[in-house]
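Visitor: Take this structure first; my questions come after.
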Amino acid sequence: MTPARACAEIRSGVEKALKADLSACLLQMPDEVDMQIEYANPTEAYRCSWYPGAELMSDCRLRFRHKDFFEVMRAFRFIG
């Protein structure tokens, strides 16, 4: 297959995919996301437990729950 043909087939496939019904690709988000992180070091778990909304479940396990998925992702950025 030549590079030009490969590009043409890729373009054709992308156009076909984008013309399809994309609503079937949307994910159903849960009402609440529950993130739990297990740390190897209890000091690190304790330090991260100061993040607003985080709860220390055990010496090395931290939990963060929220209804907004993006808040969970933000928490993961700082405590993950």
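Visitor: In segment 24-71, which residues are under 17 Å from the mean Cα position of the chain (by Cα) and part of a loop (DSSP other than H, G, I, E, B)?
Guide: LEU26, LEU27, GLN28, MET29, PRO30, ASP31, GLU32, LYS67, ASP68
Visitor: Consider only pairs whose beta carbons are under 6 Å apart and that are at least six residues apart or on different chains; among these, list those whose first residue lies in segment 18-42 and is farther than 20 Å from GLY80 by Cβ and touching a residue at least 60 places away in the same chain (Cβ under 8 Å) and whose second residue is among the β-branched types (Val, Ile, Thr) and outside any loop (DSSP other than H, G, I, E, B).
Guide: The qualifying pairs do not exist here.
Visitor: How about segment 52-68: which of its residues are in contact (Cβ under 8 Å) with a residue 24 or more places away in the chain and surrounded by 14 or more Cβ atoms within 10 Å (Cβ to Cβ)?
Guide: ALA54, ARG61, LEU62, ARG63, PHE64, ARG65, HIS66
Visitor: For segment 1-14, enumerate the residues that are at pLDDT 90 or above and loosely packed, with under 10 Cβ neighbours inside 10 Å.
Guide: Step one: list which residues in segment 1-14 are at pLDDT 90 or above, which gives 2-14.
Once the filter is applied, which keeps residues that are at pLDDT 90 or above and loosely packed, with under 10 Cβ neighbours inside 10 Å, segment 1-14 yields THR2, PRO3, ALA4, ARG5.
The values are calculated or read from the model by the stated rules, or taken from the named source; none is laboratory data. Given the structure is predicted, the values throughout are model-derived calculations rather than measurements. As a convention, Cβ positions derive from the backbone with ideal geometry for all residues, glycine included, and neighbour counts pool all protein chains shown.
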